[in-house]
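*Asks:* Dropping a structure here in structure tokens format, bear with me for questions.
The values are calculated or read from the model by the stated rules, or taken from the named source; none is laboratory data. Just so it is clear, the structure is predicted and the values come from calculations on it, not from any experiment. All Cβ positions, even for glycine, are placed from backbone atoms using ideal geometry, and neighbour counts span all protein chains on display.
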Amino acid sequence: MALLELHDICSGYGDVQILWGTNMVIQQGQLTALVGANGSGKTTFLRSLMGLIRPSRGEVHFNGEDITHLPAHKKAELGLVLVPEGRQLFSSMSVAENLEMGAAPQHAHPHLKDNMEKMYAMFPRLKERSSQQAGTLSGGEQQMLAVARGLMAEPVVLMIDELSLGLAPAFSMQLLEALLDLKKSGMTILLVEQNVQMALVISDYAYVLSQGRTDLEGPSHELIKNEQIKSVYLGLGSEPKSG
């Protein structure tokens, strides 16, 4: 049985429909990627999954239970944790205080101190800046803090919206390495990412979203060889034939 399943999700904002029957199956312990161009509906998909938007149709099942209509805070208590696009940190609070806020779920709060030390070991730069206001960190440091705050909640499924967006290559690499370490530890991860090549390289299975519909899906090592993917998303179209 899959850990998390979404079936026929239709969703949007008011009269504007963004998702048109989107499906996804997430297996435990895998890194699943959802990729697609900007505006394809990736963030709407995550918000619908988390209960921040109520789908007009479709179902979300977690561990075999229908959680479609549970509010976001109830889904967080179950272990669904979203690291949102734009980080959404508490900018006037310190790094340490932001990490403490991440341990809000009842099951995570007793392990706050131990988990904070784990986050500092994973991201030493955060330990150096533990008393610094989050709003004064660089973009890369803020993204590290956003991921670490998500991990403080002890997620069953960690969902990250646009991990590498706007980051310098050095920070992107550090975050990717952290993600791969989490994957090796057995954590289930859903990575929503505009950088299609990066996402396909590190993930086990991937879905391609186009105009609110699942355009392609499959093992990532196969999708990265797909001619449509290479042409549309990787800029590797076939060479024109001579003559």
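*Asks:* Is segment 141-151 home to any residue that is of a type in the set (S, T, N, Q), surrounded by 19 or more Cβ atoms within 10 Å (Cβ to Cβ) and assigned by TED's automatic domain parsing to the domain that holds G12?
*Replies:* no
*Asks:* Checking the structure you have, find out if any residue of segment 146-158 is free of Cβ contacts under 8 Å to residues at least 40 places away in the same chain and not charged (D, E, K, R).
*Replies:* No - not one qualifying residue is present in segment 146-158.
*Asks:* Filter segment 86-116 down to the residues that are outside any strand (DSSP E or B) and within 15 Å of Q132 (Cα to Cα) and list them by number.
*Replies:* First, pick out the residues of segment 86-116 that are outside any strand (DSSP E or B): 86-93, 95-116.
Across segment 86-116, the qualifying residues are L89, F90, S91, S92, M93, V95, A96, E97, N98, L99, E100.
*Asks:* Kindly provide the set of residues from segment 39-96 that are closer than 20 Å to W20 by Cα and in contact with a Pro (Cβ under 6 Å, 6 or more places away or on another chain), ordered by number.
*Replies:* Selection gives S48, G51.
*Asks:* Could you tell me whether Q194 is modelled with pLDDT under 95 and either buried (at least 17 other Cβ atoms within 10 Å of the Cβ) or of a type in the set (S, T, N, Q) (or both)?
*Replies:* Values: modelled with pLDDT under 95: yes; either buried (at least 17 other Cβ atoms within 10 Å of the Cβ) or of a type in the set (S, T, N, Q) (or both): yes.
In short, yes.
*Asks:* I've got another one for you. Can you find even one residue in segment 92-111 that is hydroxyl-bearing (S, T, Y), more than 17 Å from V156 (Cβ to Cβ) and in contact (Cβ under 8 Å) with a residue 12 or more places away in the chain?
*Replies:* Yes: one or more hits.
*Asks:* In this structure, does I229 turn out to be under 22 Å from T43 (Cα atoms), touching a Ser or Thr at 6+ places or on another chain (Cβ under 8 Å), among the β-branched types (V, I, T) and in contact (Cβ under 8 Å) with a residue 24 or more places away in the chain? Give the steps one after another, and end with the answer.
*Replies:* Values: under 22 Å from T43 (Cα atoms): yes; touching a Ser or Thr at 6+ places or on another chain (Cβ under 8 Å): no; among the β-branched types (V, I, T): yes; in contact (Cβ under 8 Å) with a residue 24 or more places away in the chain: yes.
For I229, the condition - under 22 Å from T43 (Cα atoms), touching a Ser or Thr at 6+ places or on another chain (Cβ under 8 Å), among the β-branched types (V, I, T) and in contact (Cβ under 8 Å) with a residue 24 or more places away in the chain - is not met.
*Asks:* Follow-up. Just to be sure I understand, how many residues within segment 133-170 are hydrophobic (A, V, I, L, M, F, W, C), within 17 Å of the chain's Cα centre (by Cα) and over 29 Å from Q106 (Cβ atoms)?
*Replies:* Total meeting the criteria: 2.
*Asks:* Output the number of the condition that V60 fails; it satisfies all remaining conditions of (1) assigned to a strand (DSSP E or B); (2) within 20 Å of S210 (Cα to Cα).
*Replies:* Just one mismatch for V60, condition (2).
*Asks:* Within the group S164, S131, which residue is touching a strand residue (DSSP E or B) at 6+ places or on another chain (Cβ under 9 Å), in a loop (DSSP other than H, G, I, E, B) and outside the structural domain of V196 (by TED's automatic domain parsing)?
*Replies:* Working: S164 fails: outside the structural domain of V196 (by TED's automatic domain parsing).
Testing whether each residue is touching a strand residue (DSSP E or B) at 6+ places or on another chain (Cβ under 9 Å), in a loop (DSSP other than H, G, I, E, B) and outside the structural domain of V196 (by TED's automatic domain parsing) leaves just S131.
*Asks:* Can we say G79 is surrounded by 15 or more Cβ atoms within 10 Å (Cβ to Cβ) and farther than 16 Å from A153 by Cβ?
*Replies:* Numbers: surrounded by 15 or more Cβ atoms within 10 Å (Cβ to Cβ): yes; farther than 16 Å from A153 by Cβ: no.
No; evaluated as a whole, the condition is false for this residue.
*Asks:* I would also like to ask the following. Just give me the residues in segment 134-151 being of a type in the set (D, E, K, R) and out of contact with any strand residue (DSSP E or B) (no Cβ under 9 Å at 6 or more places or on another chain), in sequence order.
*Replies:* Within segment 134-151, E141 is the sole residue that qualifies.
*Asks:* Can you give me the number of residues within segment 16-49 that are of a type in the set (V, I, T) and outside any strand (DSSP E or B)?
*Replies:* Counting residues in segment 16-49 that are of a type in the set (V, I, T) and outside any strand (DSSP E or B) gives 2.
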